[in-house]
Every structure is written in C-alpha cells, then in structure tokens.
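All remarks here apply to the structure that follows.
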Amino acid sequence: RSRVNFIGLLCATIESAGKRGVSPFRMNVCLAMLRLKLSRSMNAVPLLLCAALWGWTARAAPFVEVAANIEVINWHYQEETGLPLKNTRVHSIRCVVGKDLWQIENLSRTNITESTWLLQGMLVRQISYNSIYDSAPDDTGFRSTRRYSRPASMLATPDGYPGSELLVNLPWFAFCSGPYLQQTKRGVPLPTAAPERPAFGFTNETTLFADRFGLPRRAVFYAAPRQIKGRYEVQQSTNVVGWNFPLAFTAEQHEQDRFGKWTRALSVNGRVTSIRSVSKLEVPEDILERLQKPEPSPARRR
C-alpha cells in the first residue's frame, strides 16, 4: 500500500508541476524533498522509480559543464622609474550552467572549494573543506578525504548578477551571463571589477553570440570618451547544445595612477580545459531544503 501511495503521489506531483509550467529545477527540488521524507520507508522499487524520474526531469533542460584555467596578472609600476612589475597567478574554476541557473566552483586552493549557485533567484555561497587528517588509514596506508561545509549564505538576486569577486564575476560573465544580458532593462557590468570598486556606470559596446543563450563575444567599457576602462574579448569559441561558449578569452582593466595617468592594472587570459553537456546540476540536499523554506534574505547590492 505504501508503494502504491508513493507512486501515486510522485505521478501527481509531476503532472501538477507540468500543468503549472514549473521549471525543471523546481521540480527537482520537490522530488528531492519527497525522496528525503520517504526514503526510510520505501523499498527498492519506488527508489528506482524515483531515481529514474529524477534523471528524466533533470534532462528536461540542457546543462553545460566547463572547466577552465584563468591566468590573472596584476600590474604595478615603480614610482621612481615607471617600469611595470607584474604578479601572476593561475586559478582553476568549474562551471555548470543552464538557462536559468548555474554553479561556479573556485578550485584554486588545495583543500578548499568555494561554490556559488544561482537557484530560484537566490545567490547561494558555500565553502567546503577537504580534510584527510581525521580519518583512519585503510589497508594500503592511505587516508580517505572527507568534506566539511560551512552553512550556505543566501542573497536575493532577481536579475541573476552575482556581484561578487573576480573569480566569480569573470567566469559568470564568460560562461553564464547570457540570460542576464538578454534582459531589456539591465546594465552591462565590468567583468573584472573588484568587490569594493564599481562595476556599473561605464559606457560600453557589447556584442553577443547570435544564439538562444547569448553569451558576450566582445565588450569594451569606457570611463570617458575614448578612454578605455576595460575590455573583454573571445579569441576562440565552440558550440555545445546549440550554445556558443568561449574556449579562450582575454580581459583587461585600466586604472588611474596618483598623477591621473591611465595605466593597465589587470590582465586576464582564460582557457577552457574541458567542456561537455551534462544531464543535471548537483545541489547539496541541505541547500535544497533551505530553498523550500521561505525565509527573509538580504538582497544583493550593486
């Protein structure tokens, strides 16, 4: 009887969601919560059915997974000679992007993963720590890795712009910003702006890829007439699930020195190491639970 009740409840949930035009992600959330509540009392048959329907709803919308290395060069200039000095670091990032939601992971540090999601108009951030020190070694002498996560923080962001640091804003601009840029009333943010610096308010010339997703192909930002503040340009691209994605891109930003002279302050070289279509976006169950519970959340500030 419990099996029949569960199957009936599951089918009713999917039918009702389809009639209301519920997005695949919201349907996934509902199914996840249903799975959490009933998993202890279900036997193998309903569990298999739940898994199959979970995968079916996830495939209702395409997702693309992108891994890339981003080389960031900070430029400094000697006061006495004016000669440029540079500091270079390479960061590894991973993105999973769909039409209305995305995930960006910063994998630059060995034992820390910084994850950011856009889910149902909410910007969700979580830091996970990988530890090998508190687990007993196995028969081969190796220790297993355990992941610990801080509680996620959530901000309301109705337009989908993250408004975060460089290693979130730039991957978002390169791989996730298409739906935002296709909105009628939106500004184009400077992709390399630091958190304490303005990202909006600059005159810009932006060209998008001519597909349904509409990622930026080229963008030039001006602080004043004929004075370039920043630039972003795709050098090489590919097509996945009908959407164009950059395989290589460059970006730069200029700032005024103490004498009022504009100089290059930042250079970026991005190169994709792998790209593929995937069936779903992975979201931790504790975050799914919080999304199902309405609670006041601060709004993202520009």
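Readers should treat all values here as calculations from the given coordinates under stated rules, not as data from a laboratory. Not measured: the values here are computed from a predicted model. Glycine gets a Cβ as well: all are built from the backbone with ideal geometry, and neighbour counts include every protein chain shown.
Spin-label model, Asn111/Glu80: points 7 Å from Cα along the beta carbon direction are separated by 4.1 nm. Using the Cβ-Cβ distance between Phe259 and Asp159 with R0 set to 41 Å, the FRET efficiency from 1/(1 + (r/R0)^6) comes to roughly 0.65.
Residues whose amide H falls under 5 Å from that of Phe63, counting only those 5 or more places apart or on a different chain, are Val278, with hydrogens built in the peptide plane. Between the amide H of Leu208 and those of Arg217, distances stay under 5 Å, these residues lying 5 or more places away or on another chain, with hydrogens modeled in the peptide plane. For Trp102, the residues whose amide H sits under 5 Å from its own are Leu118, ignoring neighbours fewer than 5 places away on the same chain, with H placed 1.01 Å from N.
Given axes a ≥ b ≥ c from the Cα gyration tensor, I'd like to know whether the stretch 196-302 is rounded (a/c under 1.5), prolate (a/b larger than b/c) or oblate. It comes out oblate by the Cα gyration axes.
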